[in-house]
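*Asks:* Take a look at the following structure, please.
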Amino acid sequence: MKKVDHIGIAVRDINSVLPYYTETLGCPLLKIEEVASENLRVAFIDAGNIKLELLEPLNEESAVYKFLEKRGEGIHHIAFGVEGIEARMAELREKGVQLLNEEPKQGAGGALVAFLHPKSSNGVLYELCEKQ
């Protein structure tokens, strides 16, 4: 793992919470984009030495929608920046870590991503994130 790349925060409505991050906390908004493959709208916030990703589900098919229904708004995942994501995934599998995807998939910001199952990570959803 190179570093913590970002922290994903599940929200019901980006527009309603964005002023807290940009005005109250004074963190700049970097961009907002949709990730169609995950049924998400994502806002990237610059929090200094780390980014925050606000995750808004676009529909009920989104895993974030299901997360919000079960747990409410809050921290969704912690993402580690990695190089060679496929090799890192294979190494983790060899160590008995269960992954949520067999292959890396396209994530926000053009990154390749893969998730570690919380059952293998003491209840925490971790993401591996390789920037292109």
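Quick note: the coordinates plus some simple rules give every number you see, no bench work behind them. Since we're looking at a predicted model, the values are computed, not measured. In this analysis, Cβ positions are derived from the backbone assuming ideal geometry, glycine residues included, and neighbour counts consider all displayed protein chains.
*Asks:* Once you have all Cα-Cα distances for the range 30-94, histogram them in 5 Å bins from zero and send the whole-percent values.
*Replies:* 4, 15, 18, 20, 18, 17, 7, 0
*Asks:* Please compute the net charge surrounding residue 40, taking Lys and Arg as +1 and Asp and Glu as -1 over other residues with Cβ under 10 Å from its Cβ. Don't skip to the end; give the middle numbers.
*Replies:* On the way: positive: 41; negative: 33, 34, 38, 53, 56.
Summing Lys/Arg as +1 and Asp/Glu as -1 gives -4.
*Asks:* Compute the label zone of residue 70 within the range 112-132: residues whose backbone N is under 17 Å from the point 7 Å along Cα-to-Cβ.
*Replies:* Inside the label zone: 115-127.
*Asks:* Further, regarding this structure: Translational D (Stokes-Einstein, µm²/s) of the range 65-132 at 20 °C and 1.002 mPa s when Rh comes from the Kirkwood sum over C-alpha pairs?
*Replies:* On the way: Rh = 12.5 Å.
Translational D for this selection: 171 µm²/s.
*Asks:* Going down the list 2/66; 95/131; 3/119, which pairs span over 26 Å between their C-alpha atoms?
*Replies:* Violating the 26 Å limit, Cα to Cα: 2/66.
*Asks:* Another question about this same structure. Find the centroid of the Cα atoms in the range 70-93 and in the range 1-65, then give the distance between the two in whole Å.
*Replies:* If we compute the Cα centre of each part, the gap is 16 Å.
*Asks:* Still on this structure: Sticking to Cα atoms, compute the Rg of the chain to one decimal and its Dmax as the biggest Cα-Cα distance, whole number, in Å.
*Replies:* 14.5, 45
*Asks:* Gain in length, residue 59 to residue 16, computed as 0.36 nm per residue apart minus the alpha-carbon separation, to one decimal in nm?
*Replies:* On the way: separation 43, 0.36 × 43 = 15.48 nm, distance 1.72 nm.
That pair, residue 59 and residue 16, stretches by 13.8 nm at full extension.
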